1. Exactly which GluC sites (Glu not before Pro) in the range A:585-658 are in a DSSP loop and have at most 15 other Cβ atoms within 10 Å?
2. If you take every residue apart from residue A:526 with its C-beta less than 15 Å away from the C-beta of residue A:526, what net charge results, scoring Lys and Arg +1 and Asp and Glu -1?
3. Arrange the following residues from fewest to most other Cβ atoms within 10 Å of their Cβ: A:589, A:999.
4. Given 0.36 nm per residue, what is the gain on full extension from residue A:534 to residue A:726 after removing their alpha carbon distance, in nm?
5. May I ask you to compute the full-extension gain from residue A:364 to residue A:226, defined as 0.36 nm times their residue separation minus their alpha-carbon distance, rounded to one decimal in nm?
6. How far apart, in nm, are the 7 Å Cα→Cβ label points at residue B:107 and residue A:17?
7. So which trypsin sites (Lys or Arg not before Pro) in the range A:658-710 pass both tests, a DSSP loop state and at most 15 other Cβ atoms within 10 Å of the Cβ?
8. Can you tally the net charge around residue B:88? Count Lys and Arg as +1, Asp and Glu as -1, for every other residue whose Cβ sits under 13 Å from the Cβ of residue B:88.
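Only the coordinates and a few stated rules stand behind these numbers; no lab work does. Bear in mind the structure is a predicted one, so any value in this text is a computation, not a measurement. A quick note on method: Cβ atoms are made from the backbone with ideal geometry, for glycine too, and the neighbour counts reach across all protein chains shown.
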Amino acid sequence: MGKNKVTDEQLSTVRSIVGSEYTEMDIYRALHLANNDATAAINIIFDTPNFKFKERLSVGTRSNSQVSHRSPSSDIGTGGGSLVAKSKPIDAEDKICSGSEAKVADSAPNSGGYTLEEVGERSSPAGSDWWFVGCSEMAGLSTCKGRTINAGDQVLFKFPLKSGHTMASPAKGFGRGRQAAATCSEIVRFYTEETGEIGRIPNEWARCLLPLVRDKKVKIEGHCKFAPTNLGIMDTILLSVSVFINSAMFRRHHQVSLKDATNSTDESVFHPLPTLFRLLGLNPFKKAEFTPGDLYSKKRPFNQKDNSSLQATLLHIKSKDPSVNDSEIDNDDSISEVDLDNIVGVGASSELEEMDPPGSLQCELRPYQKQALHWMIQLEKGRPRDEAATTLHPCWEAYHLADKRELVVYLNVFSGEATTEFPSTLQMARGGILADAMGLGKTIMTIALLLAHLGRGGLSSSQPVAQPFTEDGELNGTVQNSSKIPKKATKFSGFDKLMKQKSALTSGGSLIICPMTLLGQWKAEIETHVQPGSLSLYVHYGQSRPKDAKTLAQSDVVITTYGVLTSEFFSENAEDNSGLFSIRWFRVVLDEAHTIKSSKSQISIAATALVADRRWCLTGTPIQNNLEDIYSLLRFLRIEPWGHWAWWNKLIQKPFEEGDERGLKLVQSILKPIMLRRTKHSTDREGKPILVLPPADVQIIYCELTEAEKDFYQALFKRSKVKFDQFVEQGRILHNYASILELLLRLRQCCDHPFLVMSRGDTQEFSDLNKLAKRFLKGTHNASGGEAKDAPSRAYVQEVVEELQKGEQGECPICLEAFEDAVLTPCAHRLCRECLLASWRNSTSGLCPVCRKTISRQDLLTAPTGSRFQIDIEKNWVESCKITVLLHELENLRSSGSKSIVFSQWTAFLDLLQIPFTRNNIPFVRLDGTLSQQQREKVIRQFSEDSDILVLLMSLKAGGVGINLTAASNAFVMDPWWNPAVEEQAVMRIHRIGQTKNVAIKRFIVKATRLEEFLHRLQGIWLGTSEARGTVEERMEAVQARKQRMISGALTDQEVRSARIEELKMLFT
Amino acid sequence: MANSNLPRRIIKETQRLLSEPAPGISASPSEDNMRYFNVMILGPTQSPYEGGVFKLELFLPEEYPMAAPKLGRICLDILKDKWSPALQIRTVLLSIQALLSAPNPDDPLSENIAKHWKSNEAEAVETAKEWTRLYASGA
């Protein structure tokens, strides 16, 4: 780790002087203040009144090694714990801190015995590290014959070593040379000093004692209460046992590797400490309101009227087709809106109260938006603060220990964690999921919330905010919140990152995290709707973004992207105290929160690690593909205990996957109080729709192919069908999915324009190609003073330029694939940018892989990409039937000034469309995936504001989510997409809140000609096929319908599989 | 294991090696590990190694093509510091073939043979022919 790391040596040096009344945390803190100078640290401790830091006492039972302040390791290594304990006066011993506790644990083969010895000496003095938990009877089983044990005899316990342990040297002078048997079993035996082994303790005791004793978290002493006079095998021996808990556990926070944590807790729901408490007969004086038992209860309602559809949903979600990967159809296996509503339920939200937004919000909220504001404010409030601070968190229970010091320990019934500090409801989630369907204005509702309650993280607390080592706590699965109450978080790898942060968190305002594409929109919406001066806004994005906490903390609202979040979390060079993770946010809002749906993704881990008082998820699709998606959201929101994978998995995920409806019911009951979801169809109290949008007229325009197009289409179809039939014959349809999709792709493109199929590899005039050639020929001439030999030969350059002119594809010499984002080196070699940069050791310069010339990154030229068309499309321009119809439609709209969006899934088709648009003087802008964020924003602004621009050419998938294009009132969807939902989403960009005009949506489908239809029908009669007719697009319509049926109907995996085959056959019949 | 996630580049190279083999060179991937190639190079005509079949083992490390293939003990700069990702298995094997045509005694594997070659090339060539016949006759 870094240089700032305090070494054990420094720690023990300071410890040896200041003594044990200062905790390790104090010493760490002092060392940090003293810049790791031990002497200075000691002075700081002694010179500062009240230096002692009252620590949060908390411990996870998963901490796997534990210590009391014990003797130096040198003694332990040879002597065993008990020997040392006997030979040293206690006070001396307490002043010395062992630097190598792990050794202690590992080198005590007779831990049972030594524990007992030690207890004998140490249990009495007040201030001892060991707290008396309780005492109970235990029925031991005799494993010996003929030995005797009398009531009152002290017994010692022997715990098996961890398997794989090498045995330390046997304890000399103790235990009569007894050596712990090298056994990996979990049997805990007991014996007396006089007779040796007597028996074993019951398994249930052993099971929970073993891990705890091994980790030195508890120790046990006992004596015999009753035993038969002459022992036989399996006789019962009544023991009385007392259990002590190591208080140091509550003070020290051990970093636990993820693996350990995963093995011991994450995947298991067995927790030794609560079990031990139960065995000891300890009853919580305050019970958890919410226990695992509740979750198993059979009382939960089983029947539902929508039973069947839920079941169908279940099946649908479950079915993943293993044979298809990464095909375009597969991408659309997302859940339909109807299914989503079935799963998460649409809340009966019409009864919610409304709340007026603050005056600084400069727009009217609709009633349902005011309801959302009220709901969000309520959720953020949680309970009144005082009440919250004094109410026990429902997942925790409180126990009185039997210790005379009247100690109270709190146990988490779900995670098994223990703490001595009161776990209040303050640590509970404050926030929730705003899951209104797309287009209802989640952004504006959130802005209203921001304005209604601006604040700073942690400031409402009476405690000072500065608290060192918060992050250590996080490692142990606890997060501190404003009032020093341990707050629970789940454990992640990558948390060691947080170890580096040794300073306090700065309190900050609200943080909004959104996809990069929405960054501009958030900023624009806030600037538009918020009264100037009422909040300060800062966009945390870009390479040059400041890293220091101050800048971030100064602003009321910070907007950033998931990318920045993730990179700051996983950044290797994170300075201490920097970036988003150095701040305790007042509020964190995840926009498009389904982005974090996969819980193991870096994005999800990073988002969950943010420290915040209030947390919100905004998403129109809380579940996208899998129920598991919800888990990530709940974990981020700190909805306990569902942030524990073990519990989620056991009670929700597994039952759900096994078809047990209770899993789903449980999710619904979890979500009900924390999620608000309305759709466009939701109604208000009076039963009126909450959102009245101008009507949208959806129309399908059937276009007929021209003769020439039809010939081309037929030829292409026949060729494709031959190939397809081969696959069918071989019974390998599903294995050749990609090839089949490629065939289909060509046919579908042909319906847009035959040029699209003729594309690939071609020409366009590069006005700058000659310039390029000149530059190469001059080459490094100018730069390096006339080194002609550095420049590539004239002939070679000529060749390269010709290649580029011809648009020859060529392949990258490194990946051997067609160039992707090709660059030209000064030596005129063409490579993919990625490939070239990957071959360099550093990012700024390296050798040309082809000729070994040294080149620098600045000298690279982006290779001109040739036009994608083989023929000169300008010169040979022909309108396709779709284009003719489209132009006609646009011409009709021109006089009204009404704006339109033209969607296609192929940017090449957008290329083509530009030609007639330019010729017919239709002013347009274009938005596709190649644009940078700034360019996108510019295009959207231009389209929305410039009344001259009538058309936006847009690739179907480029816009991403959430883009608001209500300036347009017409949408032309030029080609059908497999899943109607994607089309719907595109169209939603104009038919949403803010739209004032009637909306017309026109979908283009190429229709077979009458003759063709007639032939098909004839064929249908002969062959008995009736469904498949017409062009590929018409058949796609049928597939779309089928897909809808598949989603809502209950099809088994096998059925889905064969349905896919049917689907494909349908397209080629 | 070894064959899953085989980069496209390796697959492509393999396909091309098999479909359009370089004259006098055969390279085929092992069935259980596609990164492991059995290579045979025919001794170039008019070289002392003519008539010999030289078997080699070639292994593509994880970092390939950013790192050179592993190829036993052959002194060839492109297998070391002069490796470039624009080189391929084919180019490497062609280079080895060329090396057989024109041995480079200034960068030898065996000092003794290099000395011999420099002092009495005719005799060294004879030895090479003899050894080729004895050890690389393809039997």
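1. Loop-located and lightly packed - A:658.
2. Net charge in that neighbourhood comes out at -2.
3. Going from least to most buried by this count: A:999, A:589.
4. 62.3 nm is the gain from fully extending residue A:534 to residue A:726.
5. Net length gain for the segment: 41.7 nm.
6. So the two model labels end up 6.1 nm from each other.
7. Filter output for the range A:658-710: A:685.
8. +1
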